[in-house]
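Coordinate-derived values only; no laboratory data. Computed from a predicted model, the values in this text were never measured in an experiment. When we count neighbours, we look across all protein chains shown, and the Cβ atoms used for this are built from the backbone with ideal geometry, even at glycine.
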Amino acid sequence: MSDYDDDSYEATARIVDPGGAPDERHFEAALRPRRLAEFPGQPRVSEQLGLVLAAAKRRGTTPDHVLLSGPPGLGKTSLAMIIAAELEQPIRITSGPAIQHAGDLAAILSSLAEGEVLFLDEIHRMARAAEEMLYLAMEDFRVDVIVGKGPGATAIPLELPPFTVVGATTRAGLLPAPLRDRFGFTGHLDFYSADDLAAILHRSAGLLGVEATRQGIAEIAGRSRGTPRIANRLLRRVRDYAQIHGAEVVDQPSAKAALELFDVDAKGLDRLDRGVLETLCRRFAGGPVGLTTLAVAVGEEPDTVETVAEPYLVREGYLLRTPRGRTATPQAWQHLGLTPPASDGQDGGTWAQQLSLPDGEGRFSD
């Protein structure tokens, strides 16, 4: 349930009272860092954002609007809450899909207090009419409310107190240029290193009351695809496995056994990832094959394959997206323990055979 009629809510309502009952929901709600100093990884973005916030506080003004982009699970929502905490202001949270009419956005904007932070998740999915209203609100802190219809309609300007918009998007390219240009600071979040994920997992283990060895944490971090959200989810599953099997400590053997049970292999590939690679290699000789055909063969929707599986497979060098279709790389064949077909100079693995990847390397730059 939301805190407001416009389906938004105030994040301060979600803050856990440390003196409350020690049930697990309190610990899980506390997994999000509260301050920039507690936010691991993303050092460049943290340093830049810290400078913007500190300068605004010193001037006694609201900071520029902030746009955070990057793949899911990297901490965009956490950073939005951190911005509000650093500014010592409340935060209102809503999402682009929830704002389908300009009136929805007007209701939210008109209820904001001075200095308040408005977090718009998946901002690229806002309705076009709401986007156009947001342009004016972000730049001039004013919205025009239309009263009436037809020739008799009247625009009534409504002045707004200064506030800060924090937008988050997984697809920054879908934002219209006028909206994107109104953000004074843009930060792109990259995938985390294994060391940063290990630091996050050590903190999360402490908050969840899980005793874990360094080797156990490293095993989970190495299979977390560079994503804190996945790392914390796998930590909870490993904890469940350890408790059910009578292990008092999450060590490397219990972490390996638990992650194998949940179909997460040593490289972080899950059932869908391996299904895409095995279908591509076993049924289509490594490709090239079109996305729709590949999705039908896997038994998933094309959007699922394209947005869930492909980004990680491409980034790690298991898959190529070519003009002729998807193609498996030599690293994909090696990971599956398969022998690629001999190159015949035509289709059926040509791209994969001609691609040379050094041993142990497969990460492609974005």
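Below are the figures for this structure:
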| item | result |
| --- | --- |
| Segment Arg324-Glu38, extension gain: residue separation times 0.36 nm, minus the distance between their alpha carbons | 98.4 nm |
| For Leu319, residues with placed amide H under 5 Å, excluding near neighbours | Val314, Thr329 |
| Segment Asp195-Lys267, extension gain: residue separation times 0.36 nm, minus the distance between their alpha carbons | 24.4 nm |
| Net +/- balance of residues flanking Pro178 in space, Cβ distance below 14 Å, scoring K and R +1, D and E -1 | -2 |
| In nm, spacing of pseudo-spin labels at Arg142 and Asp181 (7 Å Cα→C-beta vector) | 2.0 |
| For Gly167, distant residues with modelled amide H under 5 Å away | Val66, Leu67, Leu68, Leu120 |
| Vicinal HN-Hα couplings computed from phi for the stretch 129-144 (Karplus, 6.51 cos²θ - 1.76 cosθ + 1.60; Hz; Gly/Pro x) | 4, 5, 4, 5, 5, 5, 3, 5, 5, 6, 8, 10, 6, 8, 10, 9 |
| Estimated inter-spin distance, Glu211 and Arg237, nm [label 7 Å along Cα→Cβ] | 2.5 |
| In the stretch 157-240, trypsin sites (Lys or Arg not before Pro) in a DSSP loop with at most 16 other beta-carbon atoms within 10 Å | Arg171 |
| Counted charge near Gly216, where neighbours are those whose Cβ lies closer than 11 Å (Asp, Glu -1; Lys, Arg +1) | 0 |
| Phi-based couplings in Hz for the stretch 267-278 (Karplus 6.51, -1.76, 1.60; Gly and Pro marked x) | 9, x, 6, 9, 4, 5, 4, 5, x, 5, 5, 5 |
| Under the Karplus curve 6.51 cos²θ - 1.76 cosθ + 1.60, θ = phi - 60°, whole-Hz ³J(HN,Hα) for the stretch 253-266, x wherever Gly or Pro sits | x, 5, 5, 4, 5, 5, 5, 5, 4, 8, 6, 10, 7, 5 |
| Cut-off 18 Å (backbone N to label point 7 Å along Cα→Cβ of Arg283), residues of the stretch 296-335 | 296-310, 319-320, 325-329, 333 |
| Environment charge of Thr169, counting only residues whose C-beta is closer than 11 Å and scoring Lys/Arg +1, Asp/Glu -1 | +2 |
| Residue order, fewest to most surrounding Cβ atoms within 10 angstrom, among Ile123, Ile244 | Ile244, Ile123 |
| Among Ala212, Ala258, Asn232 the positive-end extreme of the charge dipole of the stretch 194-261 (Cβ point charges) | Asn232 |
| Cut-off under 5 Å, modelled amide H: who pairs with Gly286 long-range | Cys281 |
